[in-house]
Amino acid sequence: MGSDSARFAERVVHAVGEDGTRDEIVIWIERRAGAIWAVGRAINPRNRSVPGPKADDFVFEGYEMGDALDAANNALSDDLEVSAGEGINENVDLFADEELLKPLERWFFGHSPSG
């Protein structure tokens, strides 16, 4: 994520990795310059030698906030279902438009989405 984008919302899901260890799956929605929404999904991003998302982490890029929410919630639901099948039951809220609207307003006025 560069200086021309801002992460607006994030969820974390835990799963069992291929080697039997616990994985952390991070799904996020970000807003980029040019009115582009992007949805990312990364497994164990904290364990990477190079910080930040890679191009192939992104599961959606487009202009409609609703489409970004759908893509993020589909990824989240899929990961929660797989995790439940592995015996990890987590209560993680779906992404909602309300949590994107306030940071979007700050984005338009040139302020940080987190402040």
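The values are calculated or read from the model by the stated rules, or taken from the named source; none is laboratory data. The structure presented is a predicted model; accordingly, all values stated were derived computationally and were not measured. For neighbour counting, all protein chains shown are included, and Cβ atoms are generated from backbone atoms with ideal geometry for every residue, glycine included. Calculation scope for accessible area: heavy atoms of the full protein, side chains included, ligands and nucleic acids excluded. Shrake-Rupley method; radii C 1.70, N 1.55, O 1.52, S 1.80 Å.
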For this session: Find, among the GluC sites (Glu not before Pro) in region 1-100, those assigned to loop by DSSP (not H, G, I, E, B) with at most 14 other beta-carbon atoms within 10 angstrom.
Result: GLU18, GLU64, GLU86, GLU90
Seminar exercise, completed: Under 5 Å from the placed amide H of ALA9, counting only residues 5+ away or on other chains, we find ILE29
Seminar exercise, completed: Contact order relative to length for the chain, counting C-alpha pairs under 8 Å separated by 6 or more residues, stands in percent at 25 percent
Problem set entry | Distance between modelled label sites at LYS102 and ASP19, nm, 7 Å Cα→Cβ extension | 4.0 nm
Problem set entry | Cα convex hull volume per residue for region 25-68 (Å³) | 69 Å³
Exercise. What chymotrypsin sites (Phe, Trp or Tyr not before Pro) does region 13-114 have in DSSP loop regions with at most 10 other beta carbons within 10 Å?
Worked result: TYR63, PHE109
Seminar exercise, completed: Rounded to the nearest Å, the spacing of the alpha-carbon centers of region 1-71 and region 78-109 is 11 Å
Problem set entry | Top of ASP70, ASP93, ASP23 by mean-square fluctuation, Gaussian network on the chain, Cα under 10 Å | ASP93
Seminar exercise, completed: For region 89-98, Karplus-derived ³J(HN,Hα) couplings (6.51, -1.76, 1.60; θ = phi - 60°; whole Hz; x for glycine and proline) come out as 9, 10, 9, 10, 5, 5, 5, 10, 4, 4
For this session: Identify which of GLY40, GLY20, GLY85 has the largest mean-square fluctuation in a Gaussian network model of the chain, with springs joining Cα atoms closer than 10 Å.
Result: GLY20
Problem set entry | the chain - percent of accessible surface contributed by carbon and sulfur, probe 1.4 Å | 49 percent
Exercise. Given H placed 1.01 Å from N in the peptide plane, which residues other than close sequence neighbours of ASN44 have an amide H under 5 Å from its amide H?
Worked result: GLU24, ILE25, VAL26
Problem set entry | Calculated Rg and Dmax of region 1-79 using C-alpha coordinates, Å | 12.8, 41
For this session: Divide by every residue of the chain the summed helix terms, -39500 (n - 2.57) for each DSSP H run of at least 4, and state the resulting mean residue ellipticity at 222 nm, rounded to the nearest 500 deg cm²/dmol.
Result: -9500 deg cm²/dmol
Problem set entry | Phi-based couplings in Hz for region 101-108 (Karplus 6.51, -1.76, 1.60; Gly and Pro marked x) | 5, 5, x, 5, 4, 5, 4, 4
Problem set entry | Calculated from backbone phi, Karplus (6.51, -1.76, 1.60) coupling profile of region 42-58 in Hz, x at Gly/Pro | 9, 9, 6, x, 6, 8, 7, 6, 10, x, x, x, 9, 4, 7, 6, 7
